[in-house]
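Below: the structure, in structure tokens.
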Amino acid sequence: MLGGASAVAAVSGPLQAFQGAELDVLGLAGPPAPPTLYLSHMMRQPKVKALAKSVKFQQWRSPDMLIAMMTNGQVQVAATPSNTAAILYNKGVKIKLLDITTWGVLHLLTRRDDIKGLPDLKGKKLLSFFRGGMPDIVTQYLGMKQGIDITKEVDVSYASTPMEALQMFLSGKAETVVLPEPAVSAAQIKSKMVGQPVNTLNLQQVWEEVTGRGRMPQAGTLVQSEWAEKNPERLAQIKESIGSSIEWMNTMKDEAAKLGSQEFGLPAPIVRKSLDKVHMERVSAAEAREDIEFFFNALSELSPKLIGGKMPDAGFYLD
């Protein structure tokens, strides 16, 4: 299960951020991955700045950290793995899924010539990150569909964050690693600089091969449900601004790379390369529901706990 159930269980009582239509601080949060860029850009827009006396953005670096932010009222809008949103919702945390924005960022990288696909991992070592989180789950599911039990037939170890996993790979502590962009581009560029070729397997392509579906709804935006209900105009502006910020990412990639360099601590050319490989598109949760439910059903084949024990009902999806 995704780390964070204890954080959910520990929360009780009303959340201050929900009370009333007045908002002193609008809290945004995102991971060290491409979704952070649209939120970071969005908070700089005058129309978003006008939504509260102060708009604050912070990165979450573990699923537990995100859950704590959402449940203690620090954050009203967050980029999140889609299944984390389902877990929160099914645990009774008052959130809704606003949209899907990220349709594929995960890759497997290896320096080994004898690893061409997931079945070749049998008996070998693999480094991942966020134990029980989206990278772990996707790798396990795709492996299962290709006849390998990643949990039993592969020696898997975990880093705390994607950037830690990147550093372990670059330092030679791991030969094979699962990474998201922009860490993938960083690994490729830096490995090439020192003459160490890297083979890359796009896990989104593997998803398409094993499911026949072209899109994997990996991540999107969730919102505090009571805040959203009490602030429909603000919510409408958030939707509009997410869309325009993703369009900016997709069309103004040089500028987006500069912002990403600040957020991720990576050189702008690396972030720029990564933006060519990431499928970012805002689709409302209601519109993406079929894709989301297919994805959740797939995760449930591993364990229903990965979506909080059951399929979220219609109240989970915002249009």
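The values are calculated or read from the model by the stated rules, or taken from the named source; none is laboratory data. Model, not experiment: these values are computed from the prediction. We place every Cβ from the backbone using ideal geometry, glycine too, and count neighbours over all the protein chains shown.
Among the listed residues S160, S185, which satisfies the condition of being surrounded by fewer than 21 Cβ atoms within 10 Å (Cβ to Cβ) and assigned by TED's automatic domain parsing to the domain that holds R111?
Working: S185 fails: surrounded by fewer than 21 Cβ atoms within 10 Å (Cβ to Cβ).
Within the list S160, S185, the selection yields S160.
Output the residue which, of all residues in the stretch 281-319 that are part of a helix (DSSP H, G or I) and in contact with a Pro (Cβ under 7 Å, 6 or more places away or on another chain), is nearest to T36 (Cα to Cα). Can you show your working first?
We begin by selecting, within the stretch 281-319, every residue part of a helix (DSSP H, G or I); these are 289-302, 304-307, 314-316.
Among the residues that remain, those that are also in contact with a Pro (Cβ under 7 Å, 6 or more places away or on another chain) are: 291-292, 295.
Numbers: D291: 22, I292: 21, F295: 22 Å.
Checking each candidate, the answer is I292.
How do the helices (runs of 4 or more DSSP H) wholly within the stretch 1-92 filter down when requiring 1 or more residues that are closer than 21 Å to G104 by Cβ, out of contact with any helix residue (DSSP H, G or I) (no Cβ under 8 Å at 6 or more places or on another chain) and modelled with pLDDT under 90: which remain? So that I can check it myself, show each step before the final result.
Details: elements: 5-9, 35-42, 46-49, 63-71, 82-90.
Filter on the stretch 1-92 gives 35-42.
Answer with yes or no whether E181 is more than 21 Å from the chain's Cα centre (by Cα) and within 26 Å of G212 (Cα to Cα). Before you say what the answer is, go through the steps one by one.
On the way: more than 21 Å from the chain's Cα centre (by Cα): no; within 26 Å of G212 (Cα to Cα): yes.
Judged against the criteria, E181 is not a match.
When the residues of the stretch 207-226 are filtered to those that are surrounded by fewer than 23 Cβ atoms within 10 Å (Cβ to Cβ) and touching a residue at least 24 places away in the same chain (Cβ under 8 Å), which remaining residue is farthest from G92 (Cα to Cα)? Explain how you work it out, then say what you get.
Within the stretch 207-226, the subset surrounded by fewer than 23 Cβ atoms within 10 Å (Cβ to Cβ) is 208-215, 225-226.
Cutting the leftovers down to touching a residue at least 24 places away in the same chain (Cβ under 8 Å) gives us 210-211, 213, 215, 225-226.
Numbers: V210: 33, T211: 31, R213: 31, R215: 28, S225: 11, E226: 13 Å.
Filtering first and then ranking leaves V210.
Determine the pairs where a residue that is farther than 22 Å from V48 by Cα, located within the stretch 67-93, has a partner that is at pLDDT below 90 and in a loop (DSSP other than H, G, I, E, B) with Cβ atoms under 6 Å apart, the partner being 6 or more residues away or on another chain.
I67/G4; T71/V11; T71/V93; T84/L2; I87/L2
Can you say whether L142 is of a type outside the set (K, R) and either part of a strand (DSSP E or B) or more than 30 Å from A288 (Cα to Cα) (or both), as far as the supplied structure shows?
Details: of a type outside the set (K, R): yes; either part of a strand (DSSP E or B) or more than 30 Å from A288 (Cα to Cα) (or both): no.
In short, no.
Any chance the stretch 103-118 includes a residue that's part of a helix (DSSP H, G or I) and either closer than 20 Å to W227 by Cβ or more than 19 Å from the chain's Cα centre (by Cα) (or both)?
The first filter runs over the stretch 103-118 and keeps only residues part of a helix (DSSP H, G or I), leaving 118.
So of that shortlist, the ones also either closer than 20 Å to W227 by Cβ or more than 19 Å from the chain's Cα centre (by Cα) (or both) come out as 118.
Yes: one or more hits.
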